[in-house]
Every structure is written in C-alpha cells, then in structure tokens.
Amino acid sequence: MNERGEQMQESHSVHRLETTVDWPPGNVAGYLVDCDEPVLFDTGMAGDDRREELIADLSEHGYELADVEHLVLTHPHTDHVGQVPAVLDAADPEVYAPAGVEERFERDVDELEAAVRENARLAGVQGGFLDKAVEMSVESLERDRGLLPSDAVDHWLPAGETVEIGPLTAETIHTPGHQADHLCYRTELDGDRVLFSGDMALGTFRPVAMHKGFDHGYEDAISGFYTALDRLGERDVDRVFTGHDQPHAEFDEVVERDREGLDHLLERTAEALENGSGETAVDIAYQRSGDRNMEYLVIETASALAHLEAEGVVTGETDEHGVRRYETA
Ligand SMILES: [Zn+2]
C-alpha cells in the first residue's frame, strides 16, 4: 500500500498548505483533506511564486494540483481564491462557493463606483484618497471575479444547510462581518467536529470587519459580525482549520475574544466622540491606525459608527460636503 493509502486507513489527514502574503500575519492557508476524493478548502494567495509554494506544499504530502477533486471556497478574497486558476488549469474539480458571491460578482462597476464614492465621502475620505478608495474597490471586484470565474463554480452553496462535498457532509454556516458572503464549513473527520473557518475564528487575531467594503450595506458589518459569532457560538467544534496562522482547538475562547473585540471597538468609537477627539470615521480610524492599514480601519469604523447610531448611542448628521459628523446622543 502506498503512503497515501496507509494514511487513509488510519484517518482523514488534513494538510495545511501555506502561501505567503505581504500583510500581517504574513501567511494564508488552504487545507487538503486526504481521502478518496481529495477536497481542498481555499487555495491561498494569488501570484506565480505563490503557485510554486502551493505546489511544493502539496508535493510534500504526495499530492499535485491535478489530484484535487473538490475545491471549496470560504470567501472571495484574493488570499483565499488566489490559486483557483492554477487548480482549474491542472485539475477538473467540482467547485463550491458561497451563494452570495454569485450576485456580488455581477455588481455593476459604475454603480459600485458611485456607491463607494458616496459612502467613503460620508466617512470623511477626501480628495486623492477618495479616488483611491473608489479605484481600489473596482480593482478588488475585477481581480477577485477574475480569479474565481462564476462559470467555473458548479455549486453555489446556500447558507445554513447540510451539503455533500464529495466524501464529506458539511454544514454551511453563514459568517458575515469580515466578508458579507463568508461561509464556514463544519464537518466531522474521524469523530472530531472540525471547522474550516476561512478568516473567522482565527487563533491569533480578530479579522477586520470589511464586509462589503464601502459598497452599500457596509453599515451592517458589525451587526453581521455579531450574528456570525452567535451562529458559531452555538456550535460544538473540536478543531479549527483557520485561513491564517495555525489550526487550533480554542474555538469557544476565540469566538468569545472576537465578541469582546467588537464590544471594545464600539466602546472606543463612542469614547472618541465623547472626548471630542474626532467626529468622522476617518478621524477616529486615524487614531486607531498606528502602523496598520488605514483603508480597512475606516470601513470598520464607519460601520461601528452606523451601528452605534442605529442603537441610539450616537447621532449623525451629513454636512454640505456629504460628510457624516457624529456626536454622543
Ligand atoms: Zn479575507
């Protein structure tokens, strides 16, 4: 019996396939479930050198790209769908993606531009930064739908259902907040309840609430994130295969940590208004940014302010320049 066959008899090994990213934490992971019909959850970062990393990782476990029979995506960010083209070039897998992605990828570019311009301006983004924000959101859409062509997807997976993924039976858990369509996949492997969690329930940090970027609906990022954590919190999970850093078994703890992280974000945002150190999303995000990427923090802060406003904690008014200014209610 070959090496792979021996492993199969013992257990469904899950192999972590790491590619490099240029932002913290510096790595992103896909996972290959070793079984009759190999299943790959997420593919890693885009780029030719990353493709070589993925191929090298696969070959360490006795696999090549051509062996992938089922390809499952958690969410359409470049560092997760980046090597879909490489897999499709080499293999002919069944492809599974969250149902919400299909419609998101059909977003009209002119409408997206107009929405982002309006919403980023509301947040206080101005001048060249505003043009940049608009440009970046169009680039992201075009890049991500180029990497994961809709016509390559065989199964648009509904949220909150039990689905068959080749040899696996999995529950799809809709976990918006980081990304609006994000699905986590819960399944059982050798008696363990495992979660392929994408960018949720990470062992080392809470992912930024980017949700829909600055497209319409950005203001639901925080409430969506809380809903996602509620859904996750109701599940029993023994082991989490995360999209960044190492898999872990601290599921309940990290779900709670992320809930506290959101609470803290809302508290700090409300405090900044109260102590008069800012009145727009940009003002407040700037205070938080340190050496981190401002762009995503502004989106997160704008949605935090919208959340606080909906809860009646703060009030907002849009000025003559289209900038929304907040104060404590
Ligand atoms: Zn992501």
So what is the relative contact order for the range 1-144, in percent, with contacts set as C-alpha pairs under 8 Å and at least six apart? 17
Quick one: if the Förster radius is 56 Å, what FRET efficiency do Asp131 and Asp36 give, using the C-beta to C-beta distance and rounding to 0.05? 0.65
Using packing as a proxy for protection, rank 41-50, 194-203, 240-249 so that the peptide with the highest average count of other Cβ atoms within 10 Å comes first. 194-203, 41-50, 240-249
When Lys and Arg each count +1 and Asp and Glu each count -1, what net charge do the other residues less than 15 Å away from Glu250, Cβ to Cβ, add up to? -3
Would you list His80, His321 from fewest to most Cβ contacts within 10 Å? His321, His80
Quick check: the distance between the Cα centres of the range 251-294 and the range 202-224, to the nearest angstrom? 13
When Cys35, Cys184 are ordered from fewest to most other Cβ atoms inside 10 Å of their Cβ, what list results? Cys35, Cys184
What distance in nm separates the simple spin-label points at Ala66 and Thr169, each placed 7 Å from Cα in the Cβ direction? 3.4
Most mobile of Ala97, Ala221, Ala152 per a Gaussian network model of the chain (Cα springs, under 10 Å)? Ala152
Under 14 Å from a label point 7 Å along Cα→Cβ of Glu111: give me every residue in the range 191-221 with its amide N that close. 215-217
Helical mean residue ellipticity (222 nm; -39500 (n - 2.57) per DSSP H run of 4+; nearest 500) of the chain: -13000 deg cm²/dmol
Gap in Å between the Cα centre of the range 12-50 and the Cα centre of the range 165-186? 16
Residues of the range 168-197 with amide nitrogen under 13 Å from the 7 Å Cα-to-Cβ point of Glu94? 168-170
The local net charge around Arg206, scoring Lys/Arg +1 and Asp/Glu -1 for residues other than Arg206 whose Cβ lies under 12 Å from its Cβ, equals -4
With r defined as the distance between the Cβ atoms of Asp230 and Glu309 and R0 fixed at 22 Å, what FRET efficiency is calculated, to the nearest 0.05? 0.55
Grab the Cα-Cα distance for Ser289 and Asp154, subtract it from 0.36 nm times how many residues apart they are, and report the gain in nm with one decimal. 44.6 nm
Fewest-first sequence of Ser289, Ser303, Ser137, Ser223 by Cβ atoms within 10 Å of each Cβ: Ser289, Ser223, Ser137, Ser303
Work the Kirkwood hydrodynamic radius out for the chain: mean of 1/r over every pair of different alpha-carbon atoms, inverted, in Å. 20.5
With r defined as the distance between the Cβ atoms of Asn275 and Phe205 and R0 fixed at 25 Å, what FRET efficiency is calculated, to the nearest 0.05? 0.40
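Where a number appears in this text, it was derived from the coordinates with a stated rule and is not lab data. Remember, predicted model here, so these are calculated numbers, not experimental data. Note that each Cβ is placed from the backbone with ideal geometry, even for glycine, and that neighbours are counted across all protein chains shown.
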